[in-house]
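*Asks:* One structure is given below, represented as structure tokens, and several questions about it will come after.
The values are calculated or read from the model by the stated rules, or taken from the named source; none is laboratory data. Every value quoted in this text rests on a predicted model; they were computed, and no experiment measured them. FYI the Cβ positions are ideal-geometry reconstructions off the backbone, even for glycines, and counts take in every protein chain you see. Ligands, DNA and RNA are stripped out before the accessible areas are found, and what is left, the full protein with its side chains, is counted by its heavy atoms. Shrake-Rupley method; radii C 1.70, N 1.55, O 1.52, S 1.80 Å.
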Amino acid sequence: MKKKLFAFALCTGAYAALFAYSVYSDQKAVTSEMTDVSRLMPVKIKQTVKGQEEETLIDTVKEANRKNIKISIAGAQHSMGGHTYYEDGIVLDMTGYNKILSLDQEKKTIRVQSGATWNDIQKYVNPYGLAVKVMQSQNIFTIGGSLSANAHGRDIRYGSLIDTVKSFRLLKADGTIVTVTPKDDLFTAVIGGYGLFGVILDVTLELTDDELYAMQTEKMNYSAYAGYFTKHVKGNPNVRMHLARISTAKKGFLKDMYVTNYVLADHQEQLPSYNDLKEDEYTGATKFALGLSRRYEWGRNWLWNTQESYFVGQNGTEISRNNVMRSESKFLEYENNDNTDVLQEYFVPVKEYASYIDDLRQTLSGEDLNLLNITIRYVQKNEKADLSYAKDDMFSLVLLINEGFSKEDQADTARIIRRMTDVAIKHGGSYYLPYMTYQTKAQMRQAYPKSDEFFQKKRIYDPDERFMNYFYQRYK
Ligand SMILES: Cc1cc2nc3c(=O)[nH]c(=O)nc-3n(C[C@H](O)[C@H](O)[C@H](O)COP(=O)(O)OP(=O)(O)OC[C@H]3O[C@@H](n4cnc5c(N)ncnc54)[C@H](O)[C@@H]3O)c2cc1C
């Protein structure tokens, strides 16, 4: 009998140990190398912790305090400068912390865990005729990552994401949780604060109505754009969303443009015929065309002409707001052992646009930069976030650049990016922070006049630098 009991106890113990180990290893995957979507800065980290439960997150912060280990926070890891990891540190992977907690149809608000993506929200709110107010052009990003960058997108009325956040809960460096609202000091530091003040747990966001839009695209010269935008886009309350492109092909380089407006359709009752959520289309063809333009001048000319004709050909096409905000992203996924695609983004006051473009063209004339695409959007003045990029009503120019992995290629790209940053700053502009941190400390401070205040807050709220990443290391 004793033997049987002993065997039973042994088996149960072994099973319990195996079970505990499988749960533990599920939550704490030991990873040796970590990088982000740029693939430019791989480093060895201690471990990745999957933050699926609030308890796990709290325990991880407390344990890191005891053992003096740095913590970085990762969403979809589409930032590009080591913002989500740090050597020998713990990476909190928030992507499994992604529940939709509640929807208030009357107030048009939603409460979600921070690892949820915009896609998760869109799928949830679309059947209720609701839509997101402000988000990036693509829907693949997490809410925590988007808040931490203070994202902006195609909508021209609501400004930056910070304007649509009602509150969030934050797990701080000391392991306690606070609710943060717009009147709190931490609100303006955490939004646009790149994960340096704690873990954003859940967020309450404002929503708006889904709407039916008609697409309108026209071609124009860069010199006419600012005037056109002020009169026909900002000046027309029916234009809800807007984007533009300026040519990076040899023909019409930084001169030819086409602009697309999403105009409120006059028969909103037909929205239900258009509101099935779309998935990426034409991914293979777009990837192929982008591949050609990485390698060949004729490829870039061809891509520009094809894109332009495609958008002009869409004139009058009707599309729901939710579908405009589900723009293609898979075609941007790019794997190559020698080179990678990176983004840079410059903000320039609307009134400065034409002279800025002239300066940029002049700056790039003697440079060998593999510049694949420039998309332009509008961001209205918004200085709420401590690291606010929109000191004025701005056009934001997103540059897609192909860059080699070799040290020489990286150094050269960094040099050109610093030159381009100077051009933006000279015209009263700034640059966006979630990308490779090629800009100097002096450029960062010029573009972000409140950065000293921001870093001072970091020292107050997280004196031991528990939350750490390469963005902070570079600019603190
Ligand atoms: C192809 C592409 C297109 C883009 N388009 C746009 C665009 O249209 N508009 C725009 O504004 N930006 C755009 N971006 C930039 C993008 O908004 C930011 O990089 C954003 O942070 C990405 O979200 P993520 O989930 O990948 O965040 P991650 O890269 O995972 O994290 C970004 C930052 O947020 C922090 N963080 C993540 N989750 C949390 C959390 N729960 N709590 C606290 N901190 C957290 C991280 O520590 C990190 O510092 C684009 C980027 C790419 C690569």
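*Asks:* Using Cα pairs under 8 angstrom and six or more residues apart, how large is the relative contact order of the chain, in percent? Before the final figure, lay out each step's value.
*Replies:* Numbers: 979 pairs, mean separation 75.0, N = 476.
That works out to 16 percent.
*Asks:* Take peptides 458-468, 333-343, 393-403 and line them up by average Cβ neighbours within 10 Å, highest first, as a rough protection proxy.
*Replies:* Top to bottom by mean Cβ count within 10 Å: 393-403, 458-468, 333-343.
*Asks:* Check the straight Cα-Cα distances from Lys183 and name the aspartates and glutamates below 18 Å, setting aside those fewer than 8 residues away within the same chain.
*Replies:* Candidates past the 8-residue exclusion: Asp163, Asp202, Glu206, Glu383, Asp386, Glu453.
*Asks:* For the chain, build the charge dipole from Cβ charges (+1 Lys, Arg; -1 Asp, Glu) around the Cα centre, then report which of Leu264, Ser406, Val423 sits farthest towards its positive end.
*Replies:* The Cα lying farthest towards the positive end belongs to Ser406.
*Asks:* Pairs of alpha-carbon atoms within less than 8 angstrom and 6+ residues apart define the contacts here; what relative contact order does the stretch 65-211 have, in percent? Working shown, then result.
*Replies:* On the way: 295 pairs, mean separation 34.8, N = 147.
For the stretch 65-211, the relative contact order is 24 percent.
*Asks:* Same structure, new question: Can you give the charge dipole size of the stretch 326-378 about its Cα centre, rounded to the nearest 20 debye, using +1 on the beta carbon of Lys and Arg and -1 on the beta carbon of Asp and Glu?
*Replies:* My answer is approximately 380 debye.
*Asks:* Quick check on the chain: take the gyration tensor over C-alpha atoms, sort the square-rooted eigenvalues as a ≥ b ≥ c, and tell me if it's rounded (a/c under 1.5), prolate or oblate.
*Replies:* prolate
*Asks:* A further question on this structure: Loop-only check: which trypsin sites (Lys or Arg not before Pro) in the stretch 173-262 are DSSP coil with at most 10 other Cβ within 10 angstrom?
*Replies:* Lys183
*Asks:* State which entries of Lys255/Lys381; Lys133/Lys250; Lys351/Lys441; Lys381/Lys457 exceed 32 angstrom in Cα-Cα distance in the structure shown.
*Replies:* Violating the 32 Å Cα-Cα cut-off are Lys133/Lys250.
*Asks:* Would you list, by chain and number, the lysines whose Cα falls below 18 Å from the Cα of Lys251, excluding same-chain residues fewer than 8 positions away?
*Replies:* Lys219
*Asks:* Continuing with this model, one more query. Return the carbon/sulfur percentage of the accessible area of the chain, one whole number, probe 1.4 Å, all protein chains in place.
*Replies:* The computed percentage sits at 51.
*Asks:* While we're on this one: Hey, what number do you get for the chain at 222 nm if only DSSP H runs of n ≥ 4 count, each worth -39500 (n - 2.57), divided across all residues, to the nearest 500?
*Replies:* Mean residue ellipticity at 222 nm (helix-derived): -10000 deg cm²/dmol.
*Asks:* For the chain, what does the accessible surface come to per residue with a 1.4 Å probe? Please give it in Å².
*Replies:* Accessible surface, normalised per residue, equals 43 Å².
*Asks:* How far is helix 407-426 tilted off the main Cα axis of the chain, in degrees rounded to 10, range 0 to 90?
*Replies:* Relative to the chain, helix 407-426 is tipped by roughly 60 degrees.
*Asks:* Positive end of the charge dipole of the chain (Lys, Arg +1 and Asp, Glu -1 on Cβ, about the Cα centre): tell me which of Ala74, Gln138, Ser365 has its Cα farthest that way.
*Replies:* It is Ala74.
*Asks:* Express the relative contact order of the stretch 57-125 as a whole percentage, based on alpha carbon pairs under 8 Å and six or more residues apart in sequence.
*Replies:* About 23 percent, as a whole number.
*Asks:* Can you give the charge dipole size of the chain about its Cα centre, rounded to the nearest 20 debye, using +1 on the beta carbon of Lys and Arg and -1 on the beta carbon of Asp and Glu?
*Replies:* 860 debye
*Asks:* A follow-up question, please. From the residues Trp298, Gln344, Ser329, which one has its Cα farthest along the dipole of the chain in the positive direction, the dipole being from +1 and -1 charges on Cβ of Lys/Arg and Asp/Glu about the Cα centre?
*Replies:* Looking along the dipole axis, the top candidate is Gln344.
*Asks:* So, with +1 on the Cβ of K and R and -1 on the Cβ of D and E, and no other charges, what is the size of the charge dipole of the stretch 188-304 about its Cα centre, to the nearest 20 debye?
*Replies:* Here the stretch 188-304 has a charge dipole of around 1140 debye.
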